[in-house]
1. Can you tally the net charge around GLY126? Count Lys and Arg as +1, Asp and Glu as -1, for every other residue whose Cβ sits under 11 Å from the Cβ of GLY126.
2. Once the other residues with Cβ under 11 Å from the Cβ of ARG217 are scored (Lys, Arg +1; Asp, Glu -1), what is the net sum?
3. Please label the shape of segment 26-88 as rounded, prolate or oblate, based on the square roots a ≥ b ≥ c of the eigenvalues of the alpha-carbon gyration tensor (a/c under 1.5 means rounded; beyond that, a/b larger than b/c means prolate, else oblate).
4. Normalised by the residues of segment 25-147, what does the relative contact order come to in percent, with Cα pairs under 8 Å and at least six apart?
5. Can you order the peptides 37-47, 136-146 by their average number of other Cβ atoms within 10 Å per residue, highest first?
6. In nm, to one decimal, how far is the modelled label at GLN86 from the one at ALA30, with both set 7 Å along Cα→Cβ?
7. Report ³J(HN,Hα) in whole Hz for each residue of segment 106-112, in order, from the Karplus equation J = 6.51 cos²θ - 1.76 cosθ + 1.60 where θ = phi - 60°; Gly and Pro get x.
8. By per-residue mean of other Cβ atoms within 10 Å, what is the highest-first order of 98-108, 239-249?
Amino acid sequence: MQRDAAFLRAWSELPGPGGSVADEAPSADAKRRYRSVWISDIHLGTPGCQAHALLDFLKHVDSDHLFLVGDIIDGWQLRRSWYWPQSHNDVIQKLLRKARKGTRVIFIPGNHDEFARRYVEHNFGGVDVADEWIHETADGRRLWITHGDLFDGVIQCAKWLAHVGDSLYEFTLKLNRHLNSMRVRLGLPYWSLSKYLKLKVKRAVSYVGDFEVALAREARRRGVQGVVCGHIHHAELREIDGIIYANDGDWVESLTALVEHADGRLEIIDWSQRALQAAAGAMPLAPVEAEVL
């Protein structure tokens, strides 16, 4: 309960005097504006969270709507061990600042921040908390927005196994950080062990495919044209039997977001290369953009 109270304070309080890294603003020509932005699986409260990269993204991107599609704060990890550096607080304050400046910010809790589901239909610091959402794009397509954990058989049928898997994932990320520190010294690019396993292990590939099909099938049943979700940390934008399936990825490894342009086009933005260049102190690259629907 004390950590729930801390969560409420974090989303309600204004930043103190003096500001922080979240106050730094890029030049006007470096800003990008979209009609809508979707991000999820930030996992604030864990060492794996790429908070600095996300802050850079939030500084350079503005939108009319900003959807936080679950697992923004990792309550599972915080219950095991408290971890909350200044950069994680900066992310919260940046989101609140966007809400104060006119962005419609909607938070849809996931399984890692499921404690926030008790606050559905409440507003904290200008951020609306909702169980799910229907968004209409500029070109008239209706998109159902959900974190996606309710369509994960492991979460629903064997939650203890999901917690075990979460611990193994944290171990994989820790191992990955050590591997990549060695790769940096050798002049090699970043390589994701967990992403490699997710794309190469047959059972993992089957799980991802089943998850995507289940979400698309439910979107069709609801009479909408597409679904936007997160949860599995795998960015994807494609059609499944005529239904748009859009997964915005994560901010632990992928560093991806889904955006809607002014005309309704959907696109996945990959911020990882920019983050790598920024970490190396080089001139920033323009973000790499993926498929468009």
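Computed from the coordinates by the stated procedures, all read-outs in this text should not be read as laboratory data. None of the values given here were measured: they were computed from a predicted structure. Using ideal geometry, Cβ is built from the backbone for each residue, glycine included, and neighbour counts are taken over all protein chains shown.
1. Local charge sum for GLY126: +4.
2. -1
3. Cα axes put segment 26-88 in the oblate bin.
4. Dividing the mean separation by the residue count of segment 25-147 yields 24 percent.
5. 37-47, 136-146
6. 1.9 nm
7. Couplings: 10, 10, 10, x, x, 6, 6 Hz.
8. Result, highest mean first: 239-249, 98-108.
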